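One structure below.
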Amino acid sequence: MISNTVIQITNLYKQYELGKQIIEVLKGLNLNIHRNEYVALMGPSGSGKSTLMNIMGCLDTPTKGSYVLNGNDVSSMLDDELAIIRNKEIGFVFQQFNLLPRLSALENVALPLVYAGISKKEREQQAKYYLEQVNLADRWHHKPNELSGGQCQRVAIARALVNKPSIILADEPTGNLDSKTSIEIMDIFSSIHANGNTVVLVTHEEEIALHARRIIRLRDGIVETDTMNQVKSNEVSLI
């Protein structure tokens, strides 16, 4: 494995059984993502991008093929092993935010550290730090229903960063946001990347994908195109 490769996917297949029918979603897909890359993953409905996202996020396993994440071959790991890798290596940001409604912003951000066995005092310190980095220092005690959609997504980003994962995996992170707020959220992702993180963004929106430095398009379960993004955007470091 190449030392600078954080994701290495080789000849990956994923099949599902639907009654007596076999549905082949990924069909021998090959993909490498290097450390500190900013990649957008695109494709039409049925292209396999959601299935690939679930496998990359250790939420699912391939039928055959190899997936090595930051030096760990996770292709055939059991659920408990995947959960450990997932909590250590991956920070998730979802379209629906996936915040717990009864917890404050601070408690939501600190939650991954509970599973990591970090003390309460240290959890709170780290959660406050990352909330400050996404400009929510004055909202840490608010619950999700007291925050705007953009603020909820900022909480979700802080939660994704708190474990200092190898990769930030964002699934349609602006799908529920207006245009202005979407730009603000994408500025944060650009700053995350500028400060050394690996970011993989799953989106169907071309204008959102253009924030990434590389765009991978899937079609019919394989990589159709894999190109560097020549569009250069201004970045302001927030993280």
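Observations on the model:
- Among the residues examined, LYS121 does not qualify as in contact with a Phe, Trp or Tyr (Cβ under 7 Å, 6 or more places away or on another chain), modelled with pLDDT under 95 and not hydrophobic (A, V, I, L, M, F, W, C).
- Selection within segment 172-212 - charged (D, E, K, R) and either at positive phi or buried (at least 21 other Cβ atoms within 10 Å of the Cβ) (or both): GLU172
- Positions within segment 129-171 being of a type outside the set (Lys, Arg), in a loop (DSSP other than H, G, I, E, B) and more than 13 Å from ILE188 (Cβ to Cβ), in sequence order: TRP140, HIS141, HIS142, LEU147, SER148, VAL162, ASN163, PRO165, SER166
- One residue stands out in segment 66-87 among those that are of a type in the set (Val, Ile, Thr) and either touching a Cys at 6+ places or on another chain (Cβ under 7 Å) or outside any strand (DSSP E or B) (or both): the one that is nearest to ALA194 (Cα to Cα), namely ILE85.
- Spans of strands (runs of 3 or more DSSP E) in segment 4-65 with at least 3 residues over 17 Å from ILE168 (Cα atoms) and without any contact (Cβ under 8 Å) to a residue 12 or more places away in the chain: 5-18, 21-34
- Members of segment 94-128 found to be of a type in the set (Ser, Thr, Tyr), in a helix (DSSP H, G or I) and more than 20 Å from the chain's Cα centre (by Cα), listed by number: none
The values are calculated or read from the model by the stated rules, or taken from the named source; none is laboratory data. Predicted model, so just to flag it, every value in this text is computed and none were measured. We place every Cβ from the backbone using ideal geometry, glycine too, and count neighbours over all the protein chains shown.
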